[in-house]
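Below you'll find the structure, written out as C-alpha cells, and then a few comments.
The values are calculated or read from the model by the stated rules, or taken from the named source; none is laboratory data. None of the values given here were measured: they were computed from a predicted structure. Glycine also receives a Cβ, built like all others from the backbone with ideal geometry; neighbour counts cover every protein chain displayed.
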Amino acid sequence: MFAPLLATAEPVALFNGKNLDGWTFDVIDPEVKPDAVWSVKDGMVICKGRPPGVMRTVKDDFSNYELTLEWRWAPDSKPGNSGLLVHASSPREMFVWPKSLEVQLGHENAGDFWMIGETVAVEGTSPQGRRWVKRQKSSENEPGEWNTMKVRCKDDTITVWVNDVLMNEGTGLSASKGAICLQSEGAEIHFRKVELVPLESAEISR
C-alpha cells in the first residue's frame with residue numbers, strides 16, 4: 001500500500017487547471033502546432049496522442065519530491081500508451097523523448113520503468129532490454145475511469161504506486177534531478193492533477 005509522508009512541504013501544482021503555463025512542448029512533426037495536441041478543457045489537460053511528443057516543465061531541476069498524477073483514457077475510446085518522464089534532460093535522446101526515466105502509463109502496464117538514456121535497477125529481477133516490468137498485476141481502473149499514480153523520487157531511488165498499490169521500486173538511478181514530462185504517444189489521454197511535494201525536509205514512512 002502507499003506509504004504516506006509523515007511531514008510535508010507545501011504542494012506545488014504543476015498544472016493550474018486553467019492553462020499550460022509553466023510547460024513547453026516538443027512535437028516530432030514540425031508542421032503540427034503544440035495546441036493541436038495539448039489543450040485544457042474542464043480543468044483537464046487533453047492530450048490527443050498524435051503525433052508523438054512531450055509536454056515538459058520549464059523548470060528543469062526538480063529533485064527529491066513526491067509527484068501525484070491523475071489520468072484517464074478518453075471515455076468511449078480505446079486505451080493506449082503514454083508515460084510520465086522524470087529527471088528529463090537532453091532533448092530527443094531517443095526519437096522525440098528526452099533523456100530520462102519513463103514511468104509507464106500504458107494500458108495495463110502502468111508502473112513499468114523504461115530507461116531512456118538514464119539507468120536504474122530493480123532488486124530481484126532483470127530488465128527486458130530497456131524495460132523493468134512492474135512487480136504486480138495491473139491495479140488500473142477500467143478505461144475511462146480516473147487513476148492516481150504517486151511517484152517518489154528520493155536521491156537515487158524511485159518508488160511508484162498506482163491506485164495505492166506498490167508497483168515498482170528502483171535504486172541506483174543515474175540521474176537525481178531534471179524536468180518532468182508527459183508523453184503524447186498514440187491515444188487520447190486526460191490529466192487532471194499534476195502536483196509535487198518537495199521532500200527535502202520531509203521524513204518518509206517506510
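Tabulated values for the structure
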quantity: Filter result for W114 (over 18 Å from E169 (Cα atoms) and part of a strand (DSSP E or B)); calculated: no
quantity: Sole exception among (1) modelled with pLDDT under 95; (2) of a type in the set (S, T, N, Q); (3) within 23 Å of M44 (Cα to Cα) for S205, by number; calculated: (3)
quantity: Some residue of the stretch 118-140 being under 27 Å from G22 (Cβ atoms) and in a strand (DSSP E or B); calculated: no
quantity: Residues of the stretch 81-105 classified as assigned to a loop (DSSP other than H, G, I, E, B) and under 15 Å from the mean Cα position of the chain (by Cα), total; calculated: 6
quantity: Answer from V54, V27 - the residue that is within 17 Å of the chain's Cα centre (by Cα) and among the β-branched types (V, I, T); calculated: V54
quantity: Matching residues in the stretch 65-77 - criterion: being more than 15 Å from the chain's Cα centre (by Cα) and at pLDDT 95 or above; calculated: A74, P75
quantity: Residue ID - surrounded by the fewest Cβ atoms within 10 Å (Cβ to Cβ), chosen from residues in the stretch 101-160 that are of a type in the set (V, I, T) and under 27 Å from V45 (Cβ atoms); calculated: T148
quantity: Yes/no for L173 being surrounded by 20 or more Cβ atoms within 10 Å (Cβ to Cβ) and assigned to a loop (DSSP other than H, G, I, E, B); calculated: yes
quantity: Residues (surrounded by 19 or more Cβ atoms within 10 Å (Cβ to Cβ) and either among the aliphatic types (A, V, I, L, M) or modelled with pLDDT under 95 (or both)) located in the stretch 161-170; calculated: V162, M167
quantity: Of all residues making up the stretch 164-189, the number that are among the aliphatic types (A, V, I, L, M) and either under 14 Å from S82 (Cα atoms) or free of Cβ contacts under 8 Å to residues at least 24 places away in the same chain (or both); calculated: 4
quantity: Residue match in the stretch 43-51 (condition: touching a Leu at 6+ places or on another chain (Cβ under 8 Å), at pLDDT 95 or above and over 19 Å from K150 (Cα atoms)); calculated: yes
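A quick yes/no check of all residues on (1) surrounded by 14 or more Cβ atoms within 10 Å (Cβ to Cβ); (2) without any contact (Cβ under 8 Å) to a residue 24 or more places away in the chain; (3) aliphatic (A, V, I, L, M); (4) not in a loop (DSSP other than H, G, I, E, B):
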{"residue": "N16", "(1), (2), (3), (4)": "no, yes, no, no"}
{"residue": "T24", "(1), (2), (3), (4)": "yes, no, no, yes"}
{"residue": "S39", "(1), (2), (3), (4)": "yes, yes, no, yes"}
{"residue": "I46", "(1), (2), (3), (4)": "yes, no, yes, yes"}
{"residue": "R56", "(1), (2), (3), (4)": "yes, no, no, yes"}
{"residue": "K59", "(1), (2), (3), (4)": "yes, no, no, no"}
{"residue": "T68", "(1), (2), (3), (4)": "yes, no, no, yes"}
{"residue": "R72", "(1), (2), (3), (4)": "yes, no, no, yes"}
{"residue": "P79", "(1), (2), (3), (4)": "yes, no, no, no"}
